[in-house]
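Values in this text are rule-based calculations from the coordinates and carry no lab data. This is a predicted model, so every value here is computed, not measured. Note that we place each Cβ from the backbone using ideal geometry, even for glycine, and neighbour counts take in every protein chain shown.
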Amino acid sequence: MTNNKKPIGVFDSGIGGLTVLEKLMEKFPNEDFIYVADQGHCPYGTKTEEGIKECVLNVGRYLIAKDVKAIVIACNTASLFIKYLEEITDIPVISVIEPTCMAAINKTKNNRVAVLATIATINKGAYQTLLNNNGVEAFGVRCSEFVDFVENYELTDPLGQKIVDEKLEELKDKNVDTLIHGCTHFSLLEPNMRKVLGDINYVACGEPTSIKLYEILKEKSLLRFDENNRYVKIQTTGSKENALMNMKWFKAPHEEIEEIEI
Ligand code: DGL
């Protein structure tokens with residue numbers, strides 16, 4: 001059994017992917033992490049396909065140069081372009097989409113599932129196709145406004161409930177029993193969503209992705225086993241002050257946030 005001491009790279013367009021990082025930190029207590037919040041280029045979800053691909057390759061190259069042993073794309077929009085990263089590296093690259101979607105398929109009883117995601121993710125149809133191929137009806141809603149809210153406002157700001165009320169209106173008569181947070185920023189708005197849709201199943205990316213990562217690291221003998229006083233580095237391509245202001249909800253221990261230019 002080998003003991004691989006390299007860190008795991010994780011990235012998102014911003015702070016939404018920290019919802020995934022916190023689940024990864026729980027599942028892998030010995031592993032070091034480097035998390036990049038690409039806030040200098042956020043949001044991804046309203047960019048052209050070419051624009052998103054460029055961001056994915058840019059952050060991906062940076063993490064590969066840091067000698068990470070795997071990259072978790074803690075962003076659904078960026079995960080749509082995983083193949084471009086896979087083309088430039090041999091290390092495992094993990095998308096959040098498939099594990100999250102399969103978790104929702106396992107949860108639904110009536111085969112009616114809502115997908116809330118960015119404009120780019122809904123337009124690309126990755127979730128809808130996977131759901132349909134498994135006999136599940138998909139109800140996609142484009143909610144890129146939620147990204148801007150999570151990045152720039154306190155979660156308790158009343159604007160959050162207002163935009164959630166507006167966007168979820170079209171789901172009220174759809175009888176969905178499961179909702180996928182098809183953007184890693186969105187699970188932070190789950191309390192607001194519950195006020196509209198009540199006690200249905202809400203599926204976020206963090207846990208299913210952590211299970212997927214475990215399977216892959218185990219299969220490739222890349223896990224770390226020794227007791228490690230681990231580090232979790234969080235780096236932003238935007239401003240540190242801005243990042244700090246709106247990630248107060250993130251309580252997991254980490255090093256001081258660093259600004260990077262990539
Ligand atoms: N958090 C990202 C996702 O999961 C997208 C946010 C953005 O539009 O930048 O899709």
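Listed values, structure above:
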read-out	value
Sequence-separation-based contact order of the stretch 1-141, relative, with Cα cut under 8 Å and 6+ spacing, percent	23
Cα-based reach from K162 at 17 Å (exclusive), listing aspartates and glutamates while leaving out same-chain residues under 8 positions away	E145, D148, E151, E154, E170, E190
Length-normalised contact order for the chain - Cα pairs under 8 Å, 6+ apart - percent	28
Spin-label model distance (nm) - N152 vs E190, 7 Å beyond Cα toward Cβ	2.6
Within the chain: Cβ-based charge dipole about Cα centre, in debye rounded to nearest 20 (Lys, Arg +1; Asp, Glu -1)	640
Dipole magnitude of the stretch 189-234, debye to nearest 20 (Cβ charges: Lys/Arg +1, Asp/Glu -1, about Cα centre)	180
Where labels lie 7 Å past Cα in the beta-carbon direction, separation of E258 and E137 in nm	5.1
Neighbourhood charge, 10 Å Cβ-Cβ cut-off, centred on V20 and excluding it, Lys, Arg +1 and Asp, Glu -1	-2
Loop-located GluC sites (Glu not before Pro) in the stretch 49-93 whose Cβ has at most 11 other Cβ within 10 Å (DSSP)	E87
Among the listed pairs K167/K248; K27/K233; K23/K248, those beyond 20 Å (Cα-Cα)	K167/K248
Relative exposure of C183, C55, judged by other C-beta atoms within 10 Å (fewest first)	C55, C183
Extension reserve of the E166-N106 stretch, reckoned as 0.36 nm per residue once the Cα distance is removed	18.8 nm
Cα centroid of the stretch 1-53 to Cα centroid of the stretch 191-211, whole Å	20
